[in-house]
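K.L.:
Questions regarding the structure given below will be posed in turn.
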Amino acid sequence: MDDITIIGGGIVGLSTAYALSERFPHARLRVIEKENQWAKHQTGNNSGVIHSGIYYTPGSLKARFAKTGSQQMKDFCARYDIDYDPCGKVIVATKETELSIMKNLYNRGLANGLDIIMIGPDQLKEEEPYVEGLQAIKVPQAGIVDYKQVCETLVLLLKNHGAEMLLNTEVKDILEHEQKVEVITNEKEFNTSYVVNCGGLHSDRLTKMTGLKPDLQIVPFRGEYYELIPEKHYLVKNLIYPVPNPDFPFLGVHFTRMMNGGVEAGPNAVLSLKREGYRKTDFDLRDFSEVMSFRGFWKLAAKYWQEGAKEMWRSYSKKAFVKSLQELIPSIQEGDLEPAPSGVRAQALQSNGKLVDDFYIVSGKRSIHVCNAPSPAATACFPIGREIAEKVPEVESHQIFTS
């Protein structure tokens, strides 16, 4: 009988296992991942931004965990000699109509305890010489890191702790009993005292295996990127974001300098026809049918169809994509960009058509389920892990604990 089994080998699953190893240093841990490598999906396709928490509702888990997680991520990287860059970012207003939205965002950042600065056009030119804007918020707390490298370090730490780390192990069913949990996989069946579900794009399905029925479903949104050709890297010094559109629940296309020296431009946000669909042609009948038969999706589509149509157009028109980027850097041309790998966001949606806009964690008899952890979950992974670890009842190695 193992003490705790963590499902999911992305950064949230690994950081949760790390937090559990600290809280229960004598407990036996097992991490299982269906892929042949760690951090293959949301984490592995992340652009690497260390978020500040400026966008999120004051007091929410996202706001609190992004702020503390940002510093904890930097501390972890410094401790284990992982390269990171606390480069900061600017959020730029390019239209008069965006100034009032920016002011509200600035006040939200202050309410979230951030040390941010409102700057004018001249100071913006000092920060980003090729950006044209009326005003900007300078966010020193933002930075960049390679989250896959963070995960590699976490895996080593967990192995050193004695955790059993299993790849190529896909969960087929989870059966909760009074005294144990059966985790049935493609490899074998595990009996465990407690299960933590950090399944990302499949977290809702794993949750339902235990008999829980939260009012949500994962709807995958693909974020498509371009990358600046090396000759044009000079156009972007650090991180450049637009003022977010209040009528659309995504941040809009932006520029991100990455740890490998490249510069990403994007993403848009389009419905993926497969939960792990990184290409436009990827399709899975089950995934597609679940979305099409979910009334929450149609309510969401009815509310955001105009913005959604623009996102789809940008998906198929490079010219339209570039036009959006030119609002920030007018000198950008189509020839300056080449296609880059996409990512898929695991976004939970409720049946009333509302996106779950905060991290969402539910508990079963002998299980905890992270049902919604999109961005900024990578930044916030250490506080998320500690939050989950605190929810797990006391365990003693080789014994079944009571809930």
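The values are calculated or read from the model by the stated rules, or taken from the named source; none is laboratory data. Please read these numbers as outputs of a predicted model, since none were measured by experiment. When we count neighbours, we look across all protein chains shown, and the Cβ atoms used for this are built from the backbone with ideal geometry, even at glycine. The area values use the complete protein model at the heavy-atom level, side chains included, leaving out ligands, DNA and RNA. Shrake-Rupley method; radii C 1.70, N 1.55, O 1.52, S 1.80 Å.
K.L.:
Taking only protein heavy atoms into account and a 1.4 Å probe, give the accessible area per residue of region 1-97 in Å².
P.N.:
Spelled out: the 1.4 Å probe surface of region 1-97, per residue, equals 36 Å².
K.L.:
Also: Taking the alpha-carbon centroid of each part, what is the distance from region 30-80 to region 208-253 in angstrom?
P.N.:
One Cα centre to the other: 14 Å.
K.L.:
Considering only C-alpha atoms, what is the centroid distance from region 109-168 to region 277-351, in Å?
P.N.:
If we compute the Cα centre of each part, the gap is 24 Å.
K.L.:
If I compute solvent accessible area with a 1.4 Å probe over the protein chains, what percent of it on the chain is carbon and sulfur?
P.N.:
Reported share for carbon and sulfur atoms: 49 percent.
K.L.:
Something else about it: Quickly rank 365-371, 312-318 as a protection proxy: mean count of other C-beta atoms within 10 Å, highest first.
P.N.:
Per-residue Cβ counts within 10 Å, averaged per peptide and sorted highest first, yield 365-371, 312-318.
K.L.:
Under the rule of at least 5 residues apart or a separate chain, name every residue whose amide H is placed under 5 Å from the amide H of residue 268.
P.N.:
224
K.L.:
Now for a different question. Less than 13 Å Cβ to Cβ from residue 72, Lys/Arg counted +1 and Asp/Glu -1: what total charge do the surrounding residues give?
P.N.:
Once all neighbours under 13 Å are counted, the net charge is +2.
K.L.:
Can you list residues whose amide H is under 5 Å from residue 6's amide H, if they're 5+ apart or on another chain and H is modeled 1.01 Å from N?
P.N.:
Counting only residues 5 or more places away or on other chains, the set is 30, 31, 32, 196.
K.L.:
Ordered by packing density, taken as the mean number of other Cβ atoms within 10 Å over each peptide's residues, highest first, how do 40-53, 145-158, 222-235, 5-18 rank?
P.N.:
5-18, 40-53, 145-158, 222-235
K.L.:
I've got another one for you. Given q = 0.10, 0.12, 0.14 Å⁻¹, what are the Debye log10 I(q)/I(0) values for the chain, with equal point scatterers placed on the Cα positions and solvent ignored?
P.N.:
Log-scaled intensity ratios, in q order: -0.67, -0.95, -1.27.
K.L.:
May I ask you to give the solvent-accessible area per residue for region 108-164, in square angstrom, as obtained with a 1.4 angstrom probe?
P.N.:
Accessible area per residue, region 108-164: 46 Å².
K.L.:
With +1 on each Lys and Arg Cβ and -1 on each Asp and Glu Cβ, how big is the dipole of region 1-157 about its Cα centre, in debye rounded to the nearest 20?
P.N.:
560 debye
K.L.:
Would you mind putting 273-282, 240-249 in packing order, based on average other-beta-carbon counts within 10 Å, highest first?
P.N.:
Result, highest mean first: 240-249, 273-282.
K.L.:
Still on this model: May I have the convex hull volume per residue, in Å³, for the Cα set of region 178-321?
P.N.:
181 Å³
K.L.:
Can you give the relative contact order of region 163-306 as a percent, counting alpha carbon pairs under 8 Å and 6+ residues apart?
P.N.:
16 percent
K.L.:
For region 148-235, what is the convex hull volume of its Cα atoms per residue in Å³?
P.N.:
In region 148-235, the Cα hull volume divided by residue count equals 166 Å³.
K.L.:
Tell me the Rg and the Dmax, in Å, that the Cα atoms of region 83-174 produce.
P.N.:
Here Rg and the maximum Cα pair distance are 20.6, 59 Å.
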